[in-house]
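First comes the structure, then the notes that go with it.
Computed from the coordinates by the stated procedures, all read-outs in this text should not be read as laboratory data. As the structure is a computational prediction, the values presented were derived from the model and not from experiment. Reconstructed Cβ throughout: ideal geometry from the backbone, glycine too, with neighbour counts over all protein chains shown.
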Amino acid sequence: MKRIKPYFTFTSNVLKTILSYKANVIGFYLGDMMILLVTYYLWKAIFTSSPEAILKGFDFNEMIIYVILSFVTSVMVNAEVSGTINREVKDGSIAMNLIRPINYEKRMFFEGLGNVIYNLVLIFIVGFGAVLFLSVKYTGSINVLNIVLYMFSTALGFVINFYYSYALSLLTFKITNMWGLYQIMNAITQLLSGALIPIVFFPNWAQTLFNFFPFKSIIYTPCMLYLGKLSGLDIIYALGIQVLWVVILIALSRFIWKDLIKNLTILGG
Amino acid sequence: MKRYIKLYKRFLQQYIKSLMEYRVDFVLGLIGFILVQMAGVVFIQLIFNSIPSLQGWSFYEILFIYGIAQIPRGIDHVFTDYLWIFSWKTIAKGEFDRYLLRPINPLFQVISESFQPDGFGEIIIGTVLVIYSSFHLGISFGIIQILSFIVIMISATIIYTSIKLATTSIAFWVKFSQSYIFMAYSISGFAKYPIGIFPKGVKIVLIGIIPFAFTGYYPGAYLLGRESFFMGVVMTAIISIIAFIVAYNIWLKGIKVYESAGN
């Protein structure tokens, strides 16, 4: 615990920074609400146009819960450290971090945690509240086990997403237009994580292919657990895959870090 | 006017030089924006695997409107992308003073700050979708359609720019306006789909308040023969003129209340 304590300062610093831009942040979330609204009406039109009441195992109510829940989950797992890493690499201030007795990976992790705490208060409580409300309204009850599984799985999803975006951001050392690369990766993660549409809508070959990427474990797995779409051994299997990705991505990002630092030259100072 | 064209040309030459220097960046940005738009197309494709039509609209009709909506968005993106930076930086850092000192229109100076080739990603994907779906729908483009198409693209781009300009100008009052542009831009998501699937309140906003309906749905549906020439072309042109006048006046008003934040 003693070894981790100093890092909480980074968490509280991030919190203070975002809080000072409150009005701006709220504007962004109103924008997100618009996008959710478009999605809602689109699904409504889709279900009324469909000859069947159930599409790929989802009825309309479940789909609406999925849309809100996948949005809330994507906000919760968002570690948002890439901006800091890009800036520090570009202006060379990362050099200061390297001479301090601070582990860069840990520092970033705790900064990411600051974002999570902020989103937890501002978005998650309201968003997840809405999900629970709809669940009760549609089915008359809530499943506590599924909620616990969802929370646990989302926490794993955060760790996976953190290490994925941390490893990707480290590429700033080599690539100048990270904006372009982020756009590419954003498009890919949107589809592969289930944020845009549940993965069951993809053809079978694509679903098989997606198993080889970590993105499905970030959003799709927690949401399917909440909706009770997985049962028995499938639950353990899905959580096991998440843990596996945590291990793989930690190892990968440490390998990239070591390799970069060995060859790092910083100009000026 | 001549002077402005000459200035913009000079600026473009400079820009192209730096583009040559960072070719990889250019390609990455382009692929990025193409892929982001492709994700939306994949969504539509997956949906249509399960349903025959979306409230009377076929797969290719939806793609056509989607494509039409991307082109003006891309053109605006190429030319006025600096407004995004303006919204969080120029006012907050007190950089606006220097635009006021030069004997050139401040808005022109701001827009000439950058030229964003990433936007070609949207133009390319939009064009490909329009051609691909027209081919499948068997739409033939006569002289009237081609002229309409040109008017539509110019007007729709002006609507995009106006909405961006109006929301950017909020920065004159509150320093940061990035989130306002984002909010307005999120509403453009409605314009990619048939307006009939949305409730009345949303329709009123899209037609009369933040007129994105004229950047995608109405022009696209007119070319498909499902909305009138009046709504698709005449109204699009009229709305674009009104939108620009309103937006430019907000901008001018903003300059009047501007107080430097620098030292």
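When averaged across all projection directions, what area in nm² does the alpha-carbon convex hull of the stretch B:138-178 cover? Mind showing how you got there, number by number?
On the way: hull surface 14.8 nm².
Directional mean of the projected Cα hull area for the stretch B:138-178 stands at 3.7 nm².
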With +1 on the Cβ of every Lys and Arg and -1 on the Cβ of every Asp and Glu, the dipole magnitude of chain A about its Cα centre, in debye rounded to the nearest 20, is 840 debye
For the pair A:Arg87 and B:Tyr15, the simple spin-label estimate (label points 7 Å beyond Cα toward Cβ) gives in nm 2.7 nm
Two pseudo-spin positions, 7 Å from Cα along C-beta at B:Val257 and at B:Ile139, lie apart in nanometres by 4.1 nm
The rounded separation in angstrom of the Cα centers of the stretch B:25-77 and the stretch A:124-175 is 28 Å
Taking every other residue with Cβ under 11 Å from the Cβ of A:Gly180 and scoring Lys and Arg +1, Asp and Glu -1, one gets -2
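D for the stretch A:21-74, whole µm²/s, Stokes-Einstein with Kirkwood Rh over alpha-carbon pairs at 37 °C and 0.692 mPa s: what number?
Using the Kirkwood radius from Cα pairs, D works out to 265 µm²/s.
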Eigenvalues of the alpha-carbon gyration tensor of the stretch A:44-142, times 5 and square-rooted, give semi-axes in Å, largest first, of 42, 16, 9
For B:Lys164, the aspartates and glutamates lying under 13 Å Cα to Cα, once residues fewer than eight places off in the same chain are dropped, come out as B:Asp76, B:Asp81
Using alpha-carbon coordinates alone, the radius of gyration and Dmax of the stretch A:61-200 in Å work out to 17.7, 58
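With n ≥ 4 as the cut-off for DSSP H runs, can you work out [θ] at 222 nm for chain A, using -39500 (n - 2.57) per run divided by the number of residues, rounded to the nearest 500? Could the numbers behind the result be given before it?
Numbers: 13 runs with 192 residues, N = 269.
About -23500 deg cm²/dmol.
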In this structure, among A:Lys90/A:Lys262; A:Lys16/B:Lys256; B:Lys9/B:Lys256, pairs with alpha-carbon gaps over 25 Å are A:Lys16/B:Lys256; B:Lys9/B:Lys256
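For the stretch B:153-263, build the convex hull from the C-alpha positions and give me its volume per residue in Å³.
On the way: hull volume 10.6 nm³, N = 111.
Enclosed volume per residue, from the Cα hull, is 96 Å³.
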Counting all Cα-Cα pairs in chain B, those more than 33 Å apart amount in percent to 24 percent
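Would you tally the net charge around A:Phe47, using a Cβ to Cβ cut-off of less than 15 Å, leaving A:Phe47 out, and scoring K and R as +1, D and E as -1? Mind showing how you got there, number by number?
Values: positive: A:Lys44, A:Lys56; negative: A:Glu52, A:Asp59, A:Glu62.
Result for the local shell: -1.
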Taking Cα atoms, the helix A:104-119 axis meets the longest principal axis of chain A at an angle in degrees (rounded to 10) of 40 degrees
Applying the span-like rule to chain B (DSSP H, Cα extent along axis at least 24 Å, Kyte-Doolittle mean at least -0.5) gives B:23-48, B:59-80, B:119-137, B:143-169, B:235-257
Taking only the alpha carbons of the protein assembly as shown, the radius of gyration and the largest Cα-Cα distance, Dmax, both in angstrom, are 24.4, 76
Per principal axis, largest first, the Cα atoms of the stretch A:5-262 extend in Å by 62, 42, 34
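Would you calculate the volume per residue, in Å³, of the smallest convex hull containing every Cα atom of the stretch B:28-88?
On the way: hull volume 6.7 nm³, N = 61.
Hull volume over Cα atoms, normalised by residue count, gives 110 Å³.
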On the formula 1/(1 + (r/R0)^6), with r taken between the Cβ atoms of B:Arg98 and B:Asn49 and R0 of 56 Å, the FRET efficiency rounded to 0.05 is 0.55
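Find the relative contact order for the stretch B:2-257 and round it to a whole percent, using C-alpha pairs within less than 8 Å whose residues are 6+ positions apart.
Values: 320 pairs, mean separation 62.2, N = 256.
It rounds to 24 percent for the stretch B:2-257.
Quick one: dipole size for the protein assembly as shown, taken about the Cα centre, charges +1 on Lys/Arg Cβ and -1 on Asp/Glu Cβ, in debye to the nearest 20.
Values: 39 positive and 23 negative charges, 269 e Å.
So the dipole magnitude of the protein assembly as shown works out to roughly 1300 debye.
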Sequence order, the stretch B:216-221: Karplus ³J(HN,Hα) from phi using 6.51 cos²θ - 1.76 cosθ + 1.60, θ = phi - 60°, Hz rounded, Gly and Pro as x, gives x, 4, 4, x, x, 5
In whole Hz, the Karplus estimates of ³J(HN,Hα) for the stretch A:221-236 (6.51, -1.76, 1.60; θ = phi - 60°; x where Gly or Pro) are 4, x, 5, 5, 5, 4, 6, x, 7, 10, 9, x, 5, 4, 5, 5
